[in-house]
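Student: Mind having a look at this structure? Questions to follow.
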Amino acid sequence: MKYVWVIFFLGNLLLFPSVVNSKLGVGVGTGKIQIDEKLKPGMIYELPSLSVINTGDVASDYAVGVGYHQNQEDLKPPKDWFEFFPLNFYLEPGEVQVVTINLNLPLKVEPGNYFVYLEGSPTKISDQGSASVGVAAAAKLYFSVEPANFLQGIYYKLASWWKVYS
């Protein structure tokens with residue numbers, strides 16, 4: 001008699017499988033950010049904000065950061081040039097988080113054309129920190145830095161600091 005119940009239970013699993021199908025998703029509200037003015041070494045620039053959207057059907061933690069194209073010809077700005085506010089956040093399905101971005105150019109910077117991806121991605125938080133889940137959406141950022149000497153860089157840094165923090 002007990003085998004009948006086991007066969008009945010296994011038969012129901014095969015006939016009526018319970019499938020849970022949820023997906024993570026992310027989108028950004030901007031595809032391309034082109035800064036037309038030549039930027040000055042030492043300055044702090046507030047870039048256009050980035051809207052990160054949870055396009056999936058499950059809630060998740062999200063993070064923003066930068067990424068690079070493997071064989072890009074333009075210069076790659078280091079990750080520490082960028083500040084994101086907020087850096088990490090939680091989104092329900094369909095929710096949007098507007099992220100403010102500052103670009104902090106150092107005093108000594110190589111002049112030229114720069115390119116970077118501004119990325120938003122779901123993350124998994126663990127005891128060891130956060131890890132990307134593997135899906136991301138990005139906006140392309142293009143900007144140019146004009147040549148300047150070290151003294152001009154110090155002047156631009158002080159002027160920019162005063163403008164931002166006064």
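Student: Taking the solvent-accessible surface of protein heavy atoms with a 1.4 Å probe, what is the per residue accessible area of the range 48-100 in Å²?
Tutor: 55
Student: Would you list which lysines come within 19 Å of Lys23, measuring only between C-alpha atoms, while excluding same-chain residues fewer than 8 positions from it?
Tutor: Lys124
Student: Something else now. DSSP loop (so not H, G, I, E, B), at most 12 other Cβ within 10 Å: list which GluC sites (Glu not before Pro) in the range 18-97 pass both filters.
Tutor: Passing both the DSSP loop test and the Cβ count: Glu73.
Student: For Asp57 and Phe115, what does the FRET efficiency come to when R0 = 30 Å and r is the distance between their Cβ atoms, rounded to the nearest 0.05?
Tutor: 0.35
Student: Students often forget the sequence filter, so: which aspartates and glutamates lie under 16 Å Cα-Cα from Lys79 once same-chain residues fewer than 8 apart are removed?
Tutor: Partners found: Glu46, Glu110, Glu119.
Student: Let me ask something else. State, to one decimal in nm, how far the label point of Asn88 lies from the label point of Leu151, with both points 7 Å from Cα in the Cβ direction.
Tutor: Roughly 4.6 nm, to one decimal.
Student: In whole Hz and in residue order, list the ³J(HN,Hα) couplings for the range 53-62 that follow from phi through the Karplus curve 6.51 cos²θ - 1.76 cosθ + 1.60, θ = phi - 60°; x for Gly and Pro.
Tutor: These are the phi-based 3J(HN,Hα) values: 10, 7, 8, x, 10, 10, 6, 7, 7, 10 Hz.
Student: If R₀ is 25 angstrom, what is the calculated FRET efficiency for the pair Val98 and Glu37, using the beta carbon separation as r and rounding to 0.05?
Tutor: Using R0 = 25 Å, I get an efficiency of 0.60.
The values are calculated or read from the model by the stated rules, or taken from the named source; none is laboratory data. The structure presented is a predicted model; accordingly, all values stated were derived computationally and were not measured. Cβ coordinates were reconstructed from backbone atoms using ideal geometry, including for glycine residues, and neighbour counts include every protein chain displayed. When the accessible area is computed, the model is the full protein with side chains, heavy atoms only, and any ligands, DNA or RNA have been set aside. Shrake-Rupley method; radii C 1.70, N 1.55, O 1.52, S 1.80 Å.
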